[in-house]
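Each remark here refers to the structure printed beneath this line.
The values are calculated or read from the model by the stated rules, or taken from the named source; none is laboratory data. Owing to the predicted nature of the structure, the values given are computational and were not obtained by experimental measurement. Glycine also receives a Cβ, built like all others from the backbone with ideal geometry; neighbour counts cover every protein chain displayed.
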Ligand code: SF4
């Protein structure tokens, strides 16, 4: 049975372009885990960015793990085999670090399923020194790591580009030299201000579960943990490195146009976590897009609100002119333009989505969705005039 899992992963790798397989000799090994199926994890640009950043370090080997899908899961359960990595089909237990990339709270139960399949004790204080250090990062941990605190040795809070390099540098230095996992965690927490090690804090809760007080267990541990932010305005846009045919974005390279959003809708994590918003404009983005298009005709433009990107009409026009195709992750009704719609029509996009969120302007104001009835109607009219698109409207239920 376990041979079937190995064959399945090898076949999947054979269909991918751009994965990284390294020799393990003398390197720190990291299991980079997405707590959902391969198809979903490989469609996540953040996960792909972390994979590239880790493997860019010479003394690190990072391999991917996912929650097995139905057929795969049966193979694991029938064989009793530990969860294996994609690249070298190595068991999770063999890695120095098990690093979860967390984007959605709905995936939390899968974290436990994955640890279980990896034969790693679920609770941090039940794990010993020979088992991997279990850590997490990602947008939900920036908002609130506490619900997961009993299961993790550490959280790295913030954007990967701003925190991973320093964290890995120190981990590589201290992990092989210190005796116990707790010593490693203590040294990391003393030196890195974006690191939260739950076992090094005394936390008291109110009866409703909210935090009453939080104190470091020793004076060398920082009282406050800072979220690391990647604020370099000139940094090149993040680009996905692996093309995986069995996924949502099988045929396209994802390009991050900007991070965050200046609109601050109250319910939206992207508007709050990634502050200040960082929008790249067409002069910054076009050279990079042109480079990508030398090898790939189809690009996926990713941003919290693609239509807010300065010069988006020009960017998409250039892609069309060069014979390329593009898709967009999201649009705002009040920043839709005629040229963007024409370009979407040219590349054959059939369906568009905008998000009024609520049925009345009063409720939209309550959730800070600054979108008037007139703006929504104008956007729908503009879309309808093209005579080409079907339209989806997204609403929040239960306001
Ligand atoms: S406009 Fe969209 S991305 Fe921006 S804060 Fe509102 S919901 Fe979030």
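Of the residues making up the range 354-373, those that are within 14 Å of the ligand (Cβ to nearest atom), within 19 Å of residue 336 (Cβ to Cβ) and in a helix (DSSP H, G or I) number 1. Going residue by residue through the range 225-233, is there one that turns out to be out of contact with any strand residue (DSSP E or B) (no Cβ under 6 Å at 6 or more places or on another chain), over 30 Å from residue 150 (Cα atoms) and exposed (fewer than 11 other Cβ atoms within 10 Å of the Cβ)? Yes: the range 225-233 contains one or more residues that are out of contact with any strand residue (DSSP E or B) (no Cβ under 6 Å at 6 or more places or on another chain), over 30 Å from residue 150 (Cα atoms) and exposed (fewer than 11 other Cβ atoms within 10 Å of the Cβ).
Here the range 187-199 is the region considered, the condition is being touching a strand residue (DSSP E or B) at 6+ places or on another chain (Cβ under 6 Å) and either over 17 Å from residue 165 (Cβ atoms) or modelled with pLDDT under 95 (or both), and the residue that is surrounded by the most Cβ atoms within 10 Å (Cβ to Cβ) is 197.
Is at least one residue of the range 330-338 within 10 Å of the ligand (Cβ to nearest atom) and within 23 Å of residue 242 (Cβ to Cβ)? Scanning the range 330-338, I find at least one residue that is within 10 Å of the ligand (Cβ to nearest atom) and within 23 Å of residue 242 (Cβ to Cβ), so the answer is yes. Scanning the range 386-397 for residues that are under 29 Å from residue 347 (Cα atoms) and within 13 Å of the ligand (Cβ to nearest atom) yields 394, 395. Residues that are part of a helix (DSSP H, G or I) and within 28 Å of the chain's Cα centre (by Cα) do occur in the range 344-351.
The residues of the range 272-306 that are out of contact with any strand residue (DSSP E or B) (no Cβ under 6 Å at 6 or more places or on another chain) and within 16 Å of the ligand (Cβ to nearest atom), listed by number, are 272, 273, 275, 276, 277, 304, 305.
Exactly one residue among 168, 135, 86 is in contact with a strand residue (DSSP E or B) (Cβ under 9 Å, 6 or more places away or on another chain), modelled with pLDDT of 95 or more, assigned to a loop (DSSP other than H, G, I, E, B) and surrounded by 14 or more Cβ atoms within 10 Å (Cβ to Cβ), and that residue is 86. Quick check: anything in the range 173-184 under 25 Å from the mean Cα position of the chain (by Cα), without any contact (Cβ under 8 Å) to a residue 12 or more places away in the chain, surrounded by fewer than 21 Cβ atoms within 10 Å (Cβ to Cβ) and under 20 Å from residue 136 (Cα atoms)? Taking every residue of the range 173-184 in turn, none turns out to be under 25 Å from the mean Cα position of the chain (by Cα), without any contact (Cβ under 8 Å) to a residue 12 or more places away in the chain, surrounded by fewer than 21 Cβ atoms within 10 Å (Cβ to Cβ) and under 20 Å from residue 136 (Cα atoms). Of all residues in the range 221-271, those satisfying the criterion of being within 16 Å of the ligand (Cβ to nearest atom) and under 17 Å from the mean Cα position of the chain (by Cα) are 256, 257, 258, 259, 260, 261, 268, 269, 270, 271. Screening residue 351 with (1) touching a strand residue (DSSP E or B) at 6+ places or on another chain (Cβ under 8 Å); (2) at pLDDT below 95; (3) within 16 Å of the ligand (Cβ to nearest atom) gives one miss only, at (3). Considering 110, 129, the condition of being out of contact with any strand residue (DSSP E or B) (no Cβ under 6 Å at 6 or more places or on another chain), part of a loop (DSSP other than H, G, I, E, B) and within 30 Å of residue 203 (Cα to Cα) is satisfied by 129 alone. Checked across the range 215-232, the condition of being free of Cβ contacts under 8 Å to residues at least 40 places away in the same chain and part of a strand (DSSP E or B) holds for at least one residue. Does residue 103 count as under 20 Å from the mean Cα position of the chain (by Cα) and closer than 22 Å to residue 259 by Cβ? Judged against the criteria, residue 103 is a match. Within the option set 376, 383, being more than 29 Å from the chain's Cα centre (by Cα), more than 16 Å from the ligand (Cβ to nearest atom) and either assigned by TED's automatic domain parsing to the domain that holds residue 272 or farther than 16 Å from residue 305 by Cα (or both) holds for one residue only, 383. When the range 286-296 is limited to residues that are touching a helix residue (DSSP H, G or I) at 6+ places or on another chain (Cβ under 9 Å) and surrounded by fewer than 23 Cβ atoms within 10 Å (Cβ to Cβ), the one that is nearest to residue 350 (Cα to Cα) turns out to be 293. Condition first: touching a residue at least 40 places away in the same chain (Cβ under 8 Å), within 16 Å of the ligand (Cβ to nearest atom) and within 24 Å of residue 140 (Cα to Cα). Can you find one or more residues in the range 309-316 that meet it? Scanning the range 309-316, I find no residue that is touching a residue at least 40 places away in the same chain (Cβ under 8 Å), within 16 Å of the ligand (Cβ to nearest atom) and within 24 Å of residue 140 (Cα to Cα), so the answer is no.
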